Amino acid sequence: MALNSINTNSGALIALQNLNATNAELQVTQQRINTGKKVGTAKDNGAIWAMAKNQSATASSLNSVKDSLQRGQSTIDVALAAGDAITDLLGKMKEKVLAASDTSLNTASFNALQADFNSLRDQISKAATNAKFNGSSVADSTTQKLTFLANTDGSAFTVKVQDLTLTGLGLSATYSFTSAADAKTKLADIDKAIGTATNKLAALGTSSTGLDTQLTFVGKLQDSLEAGVGNLVDADLAKESAKLQSLQTKQQLGVQALSIANSSSSSILSLFR
């Protein structure tokens, strides 16, 4: 057996290099298992890390888009609730004006119907004015349209305001009748107002459906982005677990190999006995 120099034990150096390489691999594997990520920092893989960070930022910013679209939904829902109440009030107004057109009524009955009609009219104004969510309304004439975020590039989803006030329905704050004959002429106006209200509510319903569709799309887009980021940076824990056991065994063998290599040079002492 050839004896190594006591100054340079090449076998031990090779064993030490292999052991250090195994320890480095083991450290990486343990880090992946601890963090659950194969790319946790820029030094792991700069290109993948940068790509993942950009996609994560996009996915995170979609939360703001979802919040905006949900505010839009709530704003329209409030307007639709007010619209339902307004159409009911218009139906009751039609009942009152039709009953008041009966020429056989006495003055007391006519005046009672007129008072009820006026009260219903005033309730329409209140319903339209109070149909606000977070200070915004799509049921009055304070604005022509409202815009909500549609995507991370700042593009907007526009909802056209549907004026459900008395003016928007073709009536007025003083709209009423003074006689049975006058009441009869008001039937056409009320019918037209009912038609206008239902058409505007239908338009709001279409806008609400559009918001629902966009919100669903944004949710799916966010899920896809997050899954994509996971594919880029997440570690395969089953694979890393198997690799960990392999490296631990390899480490133990490396320690033994280094021990054997270090002890081989001690055999030179036998020459001095």
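The values are calculated or read from the model by the stated rules, or taken from the named source; none is laboratory data. Only a predicted model underlies this, so the values are computations on that prediction, with no experimental measurement involved. Here the Cβ is made from the backbone with ideal geometry for all residues, glycine too, and neighbour counts use every protein chain on show. For accessibility, only protein heavy atoms count, side chains too; no ligands or nucleic acids. Shrake-Rupley method; radii C 1.70, N 1.55, O 1.52, S 1.80 Å.
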What's the number of the condition T75 fails, among (1) open to solvent by 60 Å² or more (accessible area, probe 1.4 Å); (2) under 24 Å from S137 (Cα atoms)?
(1)
I'm told L105 meets every condition in (1) crowded, with 16+ Cβ neighbours inside 10 Å; (2) at pLDDT 95 or above except one. Can you identify the failing condition by its number?
(2)
What are the residues in the stretch 143-157 that are among the small types (G, A, S) and out of contact with any strand residue (DSSP E or B) (no Cβ under 6 Å at 6 or more places or on another chain), if any?
G154, S155
Between a residue in the stretch 11-39 that is within 23 Å of N262 (Cα to Cα) and in a helix (DSSP H, G or I) and any residue that is of a type in the set (G, A, S) and open to solvent by less than 80 Å² (accessible area, probe 1.4 Å), which pairs come within a Cβ distance under 6 Å, given they are 6 or more apart or on different chains?
G11/A261; A12/A261; A15/A257; A15/A261; N18/G254; L19/G254; T22/G254
Residue match in the stretch 159-182 (condition: part of a helix (DSSP H, G or I), open to solvent by less than 30 Å² (accessible area, probe 1.4 Å) and more than 22 Å from D77 (Cα to Cα)):
yes
Check the stretch 139-147 and report whether any residue there is open to solvent by less than 70 Å² (accessible area, probe 1.4 Å), in contact with a Leu (Cβ under 9 Å, 6 or more places away or on another chain) and not polar (S, T, N, Q).
yes
Filtering the stretch 71-112 for residues that are assigned to a helix (DSSP H, G or I) and in contact (Cβ under 8 Å) with a residue 40 or more places away in the chain leaves a count of 25
Which of the residues that make up the stretch 177-204 are in contact (Cβ under 8 Å) with a residue 40 or more places away in the chain, of a type outside the set (D, E, K, R) and closer than 20 Å to A85 by Cβ?
I190, A193, I194, A197, T198, L201, A203, L204
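Each row is one residue, and each column tells you yes or no for (1) within 27 Å of G210 (Cβ to Cβ); (2) open to solvent by 40 Å² or more (accessible area, probe 1.4 Å); (3) touching a His at 6+ places or on another chain (Cβ under 6 Å).
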site	(1), (2), (3)
N45	no, yes, no
W49	no, yes, no
V65	yes, no, no
D88	yes, yes, no
Kindly indicate whether any position in the stretch 43-51 is in contact (Cβ under 8 Å) with a residue 12 or more places away in the chain, under 25 Å from the mean Cα position of the chain (by Cα) and in a helix (DSSP H, G or I).
yes
In the stretch 209-247, how many are in contact with a strand residue (DSSP E or B) (Cβ under 7 Å, 6 or more places away or on another chain) and open to solvent by 70 Å² or more (accessible area, probe 1.4 Å)?
1
Limited to the stretch 122-134, what total is found for residues that are more than 11 Å from I86 (Cβ to Cβ) and open to solvent by less than 70 Å² (accessible area, probe 1.4 Å)?
1
